[in-house]
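Okay, so here's the structure we're looking at.
The values are calculated or read from the model by the stated rules, or taken from the named source; none is laboratory data. It should be emphasised that the depicted structure is a prediction, and the values quoted were computed from it without experimental measurement. Glycine gets a Cβ as well: all are built from the backbone with ideal geometry, and neighbour counts include every protein chain shown.
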Amino acid sequence: MQRQIYNSLFFGTFYQRPKLLGSFLLRRCSNQGNLTIVAINNGVKQITLNNPKKRNALSSAMLDKLRKDVFDDVQNTNLRCIVLQSNGPVFSSGHDLKELSQSDEKTREDIFRKCSEFMVGLRNVPVPVIGVVNGLAAAAGCQLIASCDITIASTKSQFSTPGASVGLFCSTPGVAVSRNVPLKIASYMLLTGNNLNANDAVMGCLIFKNVMK
């Protein structure tokens, strides 16, 4: 199936095969206890964020695991693409705010640096990186999908940079979002903290396509 999806995305049959893509979007892994789950089939590496109880937050540990999962063997000539998806109703809520609040300033700076380096590295991966969203992608989670080469989402998905709604500003996520969407939409997201639904995200070029659940 993964090979078919890759071919449909990159060799012109995407628009003729929406059901195939939709079924892939709704696949779920049941492996409990691991921050991520990795499966490789026919050159497609699926990486599933697997910490739904913590809303798949990009904690320091999650970032370390994602960095290993994405960049290990990335020069393997048999690797054709990487798919980032998640378990649970939230793709990723962004940074682990509890972890940040309990950390000293140096540790917080290290976490932010680690996140930024991972996002930059993701954009430089030599194979296509596809984000698959079925739920909320917020703050650094929105930055993550904006850093993918292609992102598809279910129609129920939401996208936000919510810092402004709590008196903060999603400065680093704003860089990735602003690379994808027009200025007016980026300003709306960053200055209001309001969500974009999947239809608006397609219209604003934050994601490529939304599919029915």
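Of the residues THR155, THR107, THR161, which single one is in contact with a strand residue (DSSP E or B) (Cβ under 6 Å, 6 or more places away or on another chain), hydroxyl-bearing (Ser, Thr, Tyr) and at pLDDT 95 or above?
Numbers: THR107 fails: in contact with a strand residue (DSSP E or B) (Cβ under 6 Å, 6 or more places away or on another chain); THR161 fails: in contact with a strand residue (DSSP E or B) (Cβ under 6 Å, 6 or more places away or on another chain).
That would be THR155, the only listed residue that is in contact with a strand residue (DSSP E or B) (Cβ under 6 Å, 6 or more places away or on another chain), hydroxyl-bearing (Ser, Thr, Tyr) and at pLDDT 95 or above.
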Of the listed residues (PRO89, PRO52), the one being under 23 Å from PHE159 (Cβ atoms), at pLDDT 95 or above and in contact with a Ser or Thr (Cβ under 9 Å, 6 or more places away or on another chain) is PRO52
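Quick grid of which residues meet (1) modelled with pLDDT under 50; (2) in contact with a Lys or Arg (Cβ under 7 Å, 6 or more places away or on another chain); (3) surrounded by 13 or more Cβ atoms within 10 Å (Cβ to Cβ):
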position: TYR15; (1), (2), (3): yes, no, no
position: LEU35; (1), (2), (3): no, yes, yes
position: VAL38; (1), (2), (3): no, yes, yes
position: VAL74; (1), (2), (3): no, no, yes
position: ARG80; (1), (2), (3): no, no, yes
position: LEU84; (1), (2), (3): no, no, yes
Of the residues in region 126-157, those that are touching a helix residue (DSSP H, G or I) at 6+ places or on another chain (Cβ under 8 Å), among the aliphatic types (A, V, I, L, M) and in a strand (DSSP E or B) come to VAL129, ILE130, VAL132, VAL133, ALA137, ALA138, ILE150, ILE152, ALA153
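Each row is one residue, and each column tells you yes or no for (1) free of Cβ contacts under 8 Å to residues at least 12 places away in the same chain; (2) not basic (Lys, Arg).
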site	(1), (2)
VAL70	no, yes
VAL74	no, yes
VAL83	no, yes
PRO89	no, yes
LYS106	yes, no
GLU109	yes, yes
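Okay, residues lined up against (1) over 12 Å from the mean Cα position of the chain (by Cα); (2) exposed (fewer than 14 other Cβ atoms within 10 Å of the Cβ):
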site	(1), (2)
THR151	no, no
LEU196	yes, no
GLY204	yes, no
MET212	yes, yes
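Quick one: would you say SER171 is among the hydroxyl-bearing types (Ser, Thr, Tyr), buried (at least 19 other Cβ atoms within 10 Å of the Cβ), under 24 Å from ILE111 (Cα atoms) and out of contact with any Lys or Arg (no Cβ under 6 Å at 6 or more places or on another chain)?
Numbers: among the hydroxyl-bearing types (Ser, Thr, Tyr): yes; buried (at least 19 other Cβ atoms within 10 Å of the Cβ): no; under 24 Å from ILE111 (Cα atoms): yes; out of contact with any Lys or Arg (no Cβ under 6 Å at 6 or more places or on another chain): yes.
It is false that SER171 is among the hydroxyl-bearing types (Ser, Thr, Tyr), buried (at least 19 other Cβ atoms within 10 Å of the Cβ), under 24 Å from ILE111 (Cα atoms) and out of contact with any Lys or Arg (no Cβ under 6 Å at 6 or more places or on another chain).
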The number of residues in region 91-104 that are in contact (Cβ under 8 Å) with a residue 60 or more places away in the chain and among the small types (Gly, Ala, Ser) is 1
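Tell me, which residue of region 86-113 that is acidic (Asp, Glu) and assigned to a loop (DSSP other than H, G, I, E, B) is surrounded by the most Cβ atoms within 10 Å (Cβ to Cβ)? Even if it seems obvious, please write down each step before you answer.
Residues of region 86-113 that are acidic (Asp, Glu), as a first pass: 96, 99, 104-105, 109-110.
Pick out the ones that are also assigned to a loop (DSSP other than H, G, I, E, B) and you get 96, 104.
On the way: ASP96: 23, ASP104: 8.
Among those residues, the one meeting the criterion is ASP96.
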